[in-house]
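Only one structure is covered here, and it is reproduced in the block below.
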Amino acid sequence: MVRVDGSGNGSSLVRVRGLDKKYQRGSEEIHVLQGLNLDVDQGDFVAFMGPSGSGKTTLLNLLGGLDLPTRGTITVAGDEITHLSGGKLTTWRARHVGFIFQMYNLIPVLTAFQNVELPLLLTRLSKSERKQHVETALQVVGLGDRMHHYPRQLSGGQEQRVAIARAIVADPTFLLCDEPTGDLDRKSADEIMDLIDRLVAEHGKTVLLVTHDPVAAARAHTLLHLDKGVLVEAHKAGSTAGGRN
Amino acid sequence: MKYRHLIIANLFRKKIRTTLTLGSFAVALFLFGLLAIVRGAFSQGLEVAGSDRLVVVNKVSIIQPLPVAYQQRLERIPGIKEVTHNNWFGGIYQDPKNFFAQFAIDDDTFHSMYPEFVIPGDQWQSYKQDREGAVAGIKLAQRFGWKVGDRIPIKGTIFPGTWEFNLRAIYSGRRPADDTNQFWFHYKYLEERENTYWHGLVGWYVVKVNNPDDAVKIAKTIDTTFANSPWETKTDTEKAFAASFVKQMGNISFLIMSIGAVVFFTLLLVAGNTMAIAVRERIRELAVLKAVGFSGNFVLLLVVFESLVVAALGGGVGLVLAKLLSLRGDPTGGLLPFFYLPPQAVAAGAVLALGVGLAAGIWPAYSAGRLRVVDALRRV
């Protein structure tokens with residue numbers, strides 16, 4: 001169940017209360033997010049839409065612990081992250097968050113295998129355990145036969161799959177996807193969304209997706225609209241408002 | 001080390017740039033090695049000088065002689081253990097460019113005065129028994145392809161005529177820095193052939209003292225003993241004597257240090273600029289590393305380590321090349337007999353290279369470590 005009115009109980013996986021984010025640009029103060037509330041349960045698939053500059057990516061960055069709010073709290077799996085110091089936040093991120101970016105952001109000098117392995121380097125897993133995890137993740141995204149290819153040897157869709165494998169390999173609490181199909185053609189975009197669907201349906205992943213693409217957004221259980229810093233539920237065709245269908 | 005591939009992969013990201021940066025370090029450290037060799041060549045006499053030896057020269061100038069009769073008077077001064085004398089010969093072997101030092105020595109006292117020179121016993125005896133016998137250092141013998149038994153003609157400049165010597169012995173040094181480019185022959189042979197001009201005279205004396213702590217006091221005693229005589233003396237420790245030769249060439253150390261400092265400063269600018277560019281190009285990647293959970297300190301260390309690896313590889317190549325060059329021996333034909341890269345200089349070069357690598361990498365690394373992921377990911 002996804003709620004934006006602050007009525008969620010303490011069992012939510014992600015719990016946001018009174019979230020404010022302001023930026024100072026010269027003498028001008030920009031209020032990006034205003035008193036935002038959000039509750040997301042384990043296994044939810046939420047899409048955020050809204051015009052450019054509406055604060056979608058800012059919200060995602062705050063949920064992923066990449067940025068700090070001006071005011072308000074974010075609690076993920078019982079950990080309030082808004083008061084964590086830089087180092088603790090980094091550790092928390094490594095354990096709980098899988099990021100999928102629009103530009104894939106793979107390291108070009110590393111192979112697909114090595115890119116996917118990156119988050120595991122922070123764990124205590126042995127080399128053989130890491131190998132096993134990486135191979136599994138790459139097989140999940142359908143790239144078991146491209147492990148030793150460099151990003152330049154892969155198509156855009158394949159690069160994004162590697163990025164997804166990197167995001168899921170450490171089994172994070174939730175996935176944050178920032179325009180994951182924004183740089184792809186329709187066919188590849190659909191394939192990526194199929195994969196994200198599968199991660200939710202078959203692997204029980206919680207996914208928060210920011211997108212401009214209504215087709216991609218339609219895959220989500222819940223569609224939320226962000227405008228002028230305020231989050232409102234949007235009704236999508238064939239869905240039940242306010243939660244999973 | 002599980003992060004090894006991260007570092008190696010980044011080194012090969014821009015092969016030409018990495019090669020050029022490695023080359024900069026290699027050239028700089030090769031030059032450093034060369035400067036250290038040259039500096040050592042000028043000052044090595046200081047390093048190997050015996051702390052228990054004094055050199056007694058004519059007060060007017062080293063080229064003025066002293067009476068041979070001083071030997072017995074020196075031996076009677078309390079605190080002096082033994083005395084020998086040397087004479088500069090200054091001859092030419094085949095061609096003036098074949099320069100090497102030749103000394104007429106006192107056989108009875110010279111060998112024990114310089115225990116650092118090793119001569120096979122039978123060869124030394126053979127030398128002593130031959131009036132025209134001579135001893136050459138091993139490097140000198142190798143330079144001209146001499147072997148024991150060879151007849152060596154040397155044309156005198158101070159002492160006219162052609163002097164023929166029989167090479168009876170070849171000496172080596174106990175330490176790598178010992179000078180094995182010298183040529184010795186009998187003082188008695190010199191005196192015999194120059195019995196009018198050089199009769200009863202020697203070039204300078206070397207005395208060994210019982211206790212090195214008394215060296216300065218004994219030097220004063222020697223000079224006082226011969227004060228107000230026709231042959232006044234000036235006595236110094238062997239180290240000070242060698243240093244006076246170095247000073248005649250000017251402040252070699254300062255010159256070399258200045259060149260070295262300029263080279264390393266330039267290297268710092270080149271390497272620093274390269275590292276800054278390398279980090280700027282990878283700003284998104286570094287941000288991604290931080291996003292997936294690598295700490296700022298990890299990113300900082302990653303960049304610093306890359307810089308250090310480049311410095312170590314490039315610097316290592318430069319130092320190895322300098323060492324190889326030094327192993328080929330003096331390329332100047334005898335002007336730099338101590339052509340040797342000591343381990344201390346190699347260690348100093350390695351520390352300098354790593355220091356420059358650290359200095360070049362630390363600021364870009366610090367910036368990378370403090371990078372805000374959100375800002376960096378926005379950059380295209």
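Tabulated data for the structure shown
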{"read-out": "Average other protein chain Cβ within 10 Å of Cβ, residues B:282-292", "value": "6"}
{"read-out": "On Cα atoms only, tilt of B:15-48 relative to the major axis of chain B in degrees", "value": "20"}
{"read-out": "Antiparallel %, DSSP beta bridges [both residues in chain B], to 5", "value": "80"}
{"read-out": "Column: log10 I(q)/I(0), Debye, Cα scatterers of chain A, q = 0.07, 0.08, 0.12, 0.16 Å⁻¹", "value": "-0.22, -0.29, -0.67, -1.17"}
{"read-out": "Descending Cα extents along the principal axes, segment B:87-202, whole Å", "value": "39, 31, 25"}
{"read-out": "Convex hull volume per residue in cubic angstrom - Cα atoms of the protein assembly as shown", "value": "220"}
{"read-out": "Solvent-accessible heavy-atom area per residue, rounded to whole Å², over segment A:1-160 at 1.4 Å", "value": "44"}
{"read-out": "Computed P(r) (all Cα pairs; chain B; 20 Å bins; percent)", "value": "24, 40, 22, 13, 2"}
{"read-out": "Among beta bridges that DSSP assigns inside the protein assembly as shown, antiparallel share in %, nearest 5", "value": "70"}
{"read-out": "Relative packing of B:214-223, A:14-23, which averages over residues the other C-beta atoms within 10 Å, highest first", "value": "A:14-23, B:214-223"}
{"read-out": "Relative contact order [Cα under 8 Å, 6+ residues apart], chain B, whole percent", "value": "29"}
{"read-out": "Stokes-Einstein D in µm²/s, Kirkwood radius over Cα pairs - segment B:207-315 at 10 °C with 1.306 mPa s viscosity", "value": "80"}
{"read-out": "Spherically averaged projected area of segment B:1-148 from its Cα convex hull (nm²)", "value": "17.3"}
{"read-out": "Antiparallel bridge percentage (DSSP; both residues within chain A; nearest 5)", "value": "60"}
{"read-out": "For segment B:1-43, residues shielded by at least 10 square angstrom of accessible area compared with the chain on its own, probe 1.4 Å", "value": "B:Lys2, B:Tyr3, B:His5, B:Leu6, B:Ala9, B:Arg13"}
{"read-out": "Leading residue at positive end of dipole, the protein assembly as shown (Cβ point charges), from B:Ser172, A:Leu125, A:His83", "value": "A:His83"}
{"read-out": "Inter-label distance, nm, simple model (7 Å from Cα along the C-beta direction), B:Asn98/A:Gln132", "value": "7.7"}
{"read-out": "Solvent-accessible area, 1.4 Å probe, carbon plus sulfur percent, for chain B", "value": "62"}
{"read-out": "Chain A: relative contact order as a whole-number percent, Cα under 8 Å and 6+ apart", "value": "27"}
{"read-out": "For segment B:5-45 versus segment B:218-242, the gap between their alpha-carbon centres in whole angstrom", "value": "47"}
{"read-out": "Spatially proximal aspartates and glutamates relative to B:Lys97 (Cα-Cα < 17 Å; intrachain offsets below 8 disregarded)", "value": "B:Asp330"}
{"read-out": "Descending principal axes extents, segment A:119-245, alpha-carbon based, whole Å", "value": "46, 31, 27"}
{"read-out": "Taking N as its residue count, the alpha carbon Rg of segment A:26-111 over 2.2 N^0.38 Å", "value": "1.23"}
{"read-out": "Kirkwood hydrodynamic radius (C-alpha pairs) into Stokes-Einstein, segment B:258-380, 20 °C and 1.002 mPa s, D in µm²/s", "value": "131"}
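The values are calculated or read from the model by the stated rules, or taken from the named source; none is laboratory data. These numbers come from a predicted model, not from an experiment. Cβ sites come from the backbone with ideal geometry, for glycine too, and all protein chains shown count toward neighbours. Just so you know, the surface numbers come from the protein's heavy atoms only, side chains and all, with ligands and any DNA or RNA stripped out. Shrake-Rupley method; radii C 1.70, N 1.55, O 1.52, S 1.80 Å.
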